[in-house]
Amino acid sequence: MTHPSQTAIQATRPQRSKNRKQQIIEFALELLQTRGFENFSYQDLSLELGITKASIHYHFPKKEDLGVALCAGIQHWHQTMFQEIMANDVPAIEKIRIYINGLLNYAMGNNKICPLSSLQADVTSLPPAMLPALRDLDNHELEFIANVLEQGRNNGELSFPGEAIHQAAIVVLSVKGALQYSRIHGPELLQPTLKQIEQLLQT
């Protein structure tokens, strides 16, 4: 028979491990947004979190393993946001606006950029094992926007030529490009550009 104290220890171990693993992912995500994937190391994580590099390697033997986990973390955030957006009974253009605001809130501040954009910028130097995860992440975002756009066009709310998936790529690239340009030129460029994107979809 298992002693109650042994049961308690066994119950706490997975939770403690999960918390440590999540801490590593969360801080790695912050470094991804501020430095890029190639420009932070396990030493950086070790110093900030106060743990040994061996502890990090225990959870993520290779950096590419951490990279795949980062992609999964970003996709989980996307999925949560997308589900919340689709649950709102609002026009399609408002759903696009909520997506844009969510992206801006996540990417702006402390010299951060969109984590997906950061990975895309490093794509030529990323480990091969990360590329399928990054591709899935890209598709996940594009398919969500395409779904909203198609719904809006079917309802007569939005108007655009061609396939919805291609228009989704235009929207995503325009929003993230405007965000990057605004880091140099300021918010006076960002907001009018975002407004123009909305107007083009409603023409």
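Details
- Of all residues in the stretch 27-64 being charged (D, E, K, R) and touching a residue at least 40 places away in the same chain (Cβ under 8 Å), the one that is farthest from LYS176 (Cα to Cα): LYS62
The rows are residues; the columns are (1) surrounded by fewer than 10 Cβ atoms within 10 Å (Cβ to Cβ); (2) under 22 Å from the mean Cα position of the chain (by Cα); (3) of a type outside the set (Val, Ile, Thr); (4) modelled with pLDDT of 95 or more.
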residue	(1), (2), (3), (4)
THR7	no, no, no, no
GLN10	no, no, yes, no
ALA28	no, yes, yes, yes
GLN33	no, yes, yes, no
GLY36	no, yes, yes, no
LEU45	no, yes, yes, yes
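- Residue in the stretch 101-114 that is within 30 Å of SER41 (Cβ to Cβ), part of a helix (DSSP H, G or I), more than 15 Å from the chain's Cα centre (by Cα) and of a type in the set (Ser, Thr, Tyr) present: no
- Scanning the stretch 144-203 for residues that are assigned to a helix (DSSP H, G or I), over 14 Å from LEU103 (Cβ atoms), among the hydrophobic types (A, V, I, L, M, F, W, C) and touching a residue at least 60 places away in the same chain (Cβ under 8 Å) turns up just one, LEU201.
The values are calculated or read from the model by the stated rules, or taken from the named source; none is laboratory data. Given the structure is predicted, the values throughout are model-derived calculations rather than measurements. A quick note on method: Cβ atoms are made from the backbone with ideal geometry, for glycine too, and the neighbour counts reach across all protein chains shown.
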